[in-house]
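The values are calculated or read from the model by the stated rules, or taken from the named source; none is laboratory data. Remember, it's a predicted structure, so these values are computed and weren't measured experimentally. Note: ideal-geometry Cβ built from the backbone for every residue, glycine included; neighbour counts use all protein chains shown. The accessibility values were calculated without ligands, DNA or RNA, using every heavy atom of the protein model including side chains. Shrake-Rupley method; radii C 1.70, N 1.55, O 1.52, S 1.80 Å.
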Amino acid sequence: MTVATPPVTTPPEVNPHYTPGAEKLLAAASELFYREGIHAVGVDAIAAAAGVTKKTLYDRFGSKEALAVAYLRGRDARWREHLERELALQPPGSVERILAVFDVSGRWAISDSSKGCSAINARAEMDDSAHPIALEAIRQKKWMREVFARLCQEAAVRDTDRVANTLMLLYEGALVTVGMETFADPFAAGRAAAAAILAAAV
């Protein structure tokens, strides 16, 4: 029986082509935002780190808010490309491909996310869920949940939505645990729990 792939209702944003000056600003802002937090970093610090004027920042991005959204989208784009490339190495329609999300995320956390998930961190700074920064963080999480749903459907997992929701909870819990340093290797723990859930659902 052919398993239909669920539609992607939260497509990734397309990143624009930036000028060299904008690239310098975005690189500087990305490092500062991730290390220190969005609210804690001012436009003066970003401009100084990039070696440009504040006018250049506003000319290229319009506002600190827009620059923060670009920062989140840039990190998300790199993660999506890396994840899809790694998942392509696993057998199509397999449970191994689902579990590989935890393996890939665990390695990524060591190399690129020592302070936890940038989207979670950014959302925690926003009181208003309708704020553009919060909306971007939420969009990224909805997309990730749809990845789990797609992989589960391709692997003919029963009760796809329920299992995808549970896997997303395990994944998010591991991300938060990385940032909080509650215990070592949370993605391995999440993977083990996911394997047990999937074994009962295929």
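Within the group Arg158, Arg191, which residue is part of a helix (DSSP H, G or I) and either at pLDDT 95 or above or aliphatic (A, V, I, L, M) (or both)?
Step by step, each of Arg158, Arg191 is checked, and only Arg191 is part of a helix (DSSP H, G or I) and either at pLDDT 95 or above or aliphatic (A, V, I, L, M) (or both).
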* To do: Could you please find all residues in the stretch 73-89 being open to solvent by less than 40 Å² (accessible area, probe 1.4 Å) and basic (Lys, Arg)?
  => Arg75, Arg80
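One line per residue, one yes/no per condition, for (1) open to solvent by less than 20 Å² (accessible area, probe 1.4 Å); (2) acidic (Asp, Glu); (3) under 22 Å from the mean Cα position of the chain (by Cα); (4) over 21 Å from Ile138 (Cβ atoms):
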| position | (1), (2), (3), (4) |
| --- | --- |
| Phe33 | yes, no, yes, no |
| Gly51 | no, no, no, yes |
| Thr56 | no, no, no, yes |
| Leu67 | yes, no, yes, no |
| Tyr71 | yes, no, yes, no |
| Val104 | yes, no, yes, yes |
| Gly116 | yes, no, yes, no |
* Structure fact -> Heads up, the helices (runs of 4 or more DSSP H) in the stretch 22-129 (entirely inside) with at least 2 residues that are out of contact with any Leu (no Cβ under 9 Å at 6 or more places or on another chain), closer than 27 Å to Leu198 by Cα and in contact (Cβ under 8 Å) with a residue 24 or more places away in the chain are 64-87, 95-112
* Asked: Of the residues Val157, Val178, Val202, which single one is open to solvent by 20 Å² or more (accessible area, probe 1.4 Å), over 20 Å from the mean Cα position of the chain (by Cα) and not polar (S, T, N, Q)?
  -> Val202
* To do: Give the number of residues within the stretch 130-142 that are more than 29 Å from Phe183 (Cβ to Cβ), part of a helix (DSSP H, G or I) and open to solvent by less than 50 Å² (accessible area, probe 1.4 Å).
  => 3
* To do: Answer yes if at least one residue in the stretch 186-197 is more than 18 Å from Asp103 (Cβ to Cβ) and open to solvent by 60 Å² or more (accessible area, probe 1.4 Å), and no otherwise.
  => no
